[in-house]
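Notes follow once the structure below has been shown.
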Amino acid sequence: MDQKKYDVVALGELLIDFTQNGKSEQGNPVFEANPGGAPCNVLSMLAKLGHKTAFIGKVGDDGFGHQLEQALMEVGIDTVNLKFDKEVHTTLAIVQTFENGDRDFSFYRKPGADMMITKGEVSGELLKETKAFHFGTLSMTDDENTEATKYALALARENGALITFDPNIRMPLWDSEEHLREAMSYGMEYCQVLKISDNEIQWFTGEEDFDKGVERIRAKYDIPLILVSMGPEGSRAYYKDMIVSQAPFLQENTIETTGAGDTFMACVIHKVLTCGLDQLDRCKLQEMLIFANAAASLITTKKGALRVMPTKDEVLALIQARTQ
């Protein structure tokens, strides 16, 4: 790809994930304020892998908003296009973790600052100077952030950026399933790399079988590379006439799965930027999935995601340990 200032720019939600971390002396649950939001989780892992990244989004001009700004700077994400809203507070999410490590989210976002980003606040220079642009659906829940997202998408594509999309469905944040379907469809029309989870592809296509679900998506959208993350069943890549599957790296020490899909997505983007979207083959796809599955496995052993992404050496060490 052409020499540009940034490898990846992402737009979307940046928020505080309150995750339970024990109980107080009185027996009350204690919650830890972890920086979160799928797009920045992706950028954080990419920064760990040596990429230059930047974020487009908005937080409240409050204590949580400035905590998030500091967290992005600490992990190496450029905050030049992080905006602060003086009227609307930073979005909050309460994360309930179940025994199997899966989780449920309750959002304080009616409104939340991340919804308030406008087209006029999106830096055109960032989008002209990036090799890849990443986004999800949560930046299309409301009129203003939808306009900002569509503007960013159009400008990124116009300037030759690779477009990557992870729907990252959070159903409670949508006014209707139809609205969510429209947002997912719009993202699929633009993207060249789609990462979609097992439950998302089943909901969107109505197909229980993932291969048939991908066939339905391909019949309508021209997406060169589709990844399906299948939780404890591993992952699958669909590229040209190839289907490549890879078993997961299951962990005895899993605490929660927050950020696992984002970590996986970042590793996919890393491989595509390294090899080129047109230069993938079965071997490279297998390598991609092995590395991405291992990285996603490691993040499940830690609370939060954005600040604690694994290093490349840690991922390779896990792969080596499991393949000996």
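Treating only the Cβ atoms of Lys and Arg (+1) and Asp and Glu (-1) as charged, compute the dipole magnitude of region 220-324 about its Cα centre; round to the nearest 20 debye. Provide the component values of the computation, followed by the final result.
Values: 11 positive and 11 negative charges, 18 e Å.
It works out to roughly 80 debye.
Please list, ordered by chain and number, the residues whose modelled amide H lies under 5 Å from the amide H of Asn81; skip anything fewer than 5 residues away on the same chain.
Phe55
Roughly how many debye, to the nearest 20, is the charge dipole of region 22-78 about its Cα centre, given +1 on each Lys and Arg Cβ, -1 on each Asp and Glu Cβ, and no other charges?
Values: 4 positive and 7 negative charges, 57 e Å.
Rounded to the nearest 20 debye, it is 280 debye.
Which of the helices in the chain, when you take each full DSSP H run, stretch at least 15 Å along the axis at their Cα atoms and have an average Kyte-Doolittle score of 0.0 or higher?
Result, helices passing both filters: 38-48, 63-75, 260-275, 282-299, 312-323.
Say the dipole of the chain comes from +1 at the beta carbon of Lys and Arg and -1 at that of Asp and Glu; which of Ala219, Val30, Gln320 then lies farthest toward its positive end?
Result: Gln320.
Stokes-Einstein diffusion coefficient for region 176-324 at 37 °C in a medium of 0.692 mPa s, Rh from the Kirkwood formula over Cα pairs: what value in µm²/s? Please report the intermediate quantities before stating the final value.
Working: Rh = 15.9 Å.
Estimated via Stokes-Einstein, D reaches 206 µm²/s.
Among Ala156, Ser106, Ile94, flag the residue with its Cα farthest along the positive direction of the charge dipole of region 88-180, charges on Cβ as +1 for Lys/Arg and -1 for Asp/Glu.
Ala156
Given springs between every Cα pair under 10 Å in a Gaussian network model of the chain, which of Ile117, Ile269, Ile243 has the largest fluctuation?
Ile243
Under 1.5 on a/c is rounded, so check that first for region 140-228, then, if it is not, pick prolate when a/b is larger than b/c and oblate when it is not; a ≥ b ≥ c are the square roots of the alpha carbon gyration tensor eigenvalues.
Numbers: a/c = 2.30, a/b = 1.19, b/c = 1.94.
Judged from the Cα gyration tensor, region 140-228 comes out oblate (a/c at least 1.5, b/c at or above a/b).
Rounded, prolate or oblate: which one fits the chain, using the alpha carbon gyration tensor with axes a ≥ b ≥ c (rounded when a/c is under 1.5, else prolate when a/b beats b/c, else oblate)?
The shape class here is rounded.
Can you pull the one-decimal nm distance between simple spin-label points at Lys150 and Ser245, each 7 Å off the Cα toward Cβ?
4.0 nm
Putting +1 on Lys and Arg Cβ atoms and -1 on Asp and Glu Cβ atoms, find which of Thr118, Asn41, Ala183 reaches farthest to the positive end of the dipole of the chain.
Asn41
How large is the dipole of region 46-101 about the Cα centre if only Lys and Arg carry +1 and Asp and Glu carry -1, each at its Cβ, rounded to the nearest 20 debye?
Computed charge dipole of region 46-101: roughly 240 debye.
Values quoted throughout were computed directly from the atomic coordinates according to the rules given, and no laboratory measurement underlies them. No experiment lies behind these values; they were computed from the predicted model shown. So basically every Cβ, Gly included, is an ideal-geometry build from the backbone, and we count neighbours across all protein chains shown.
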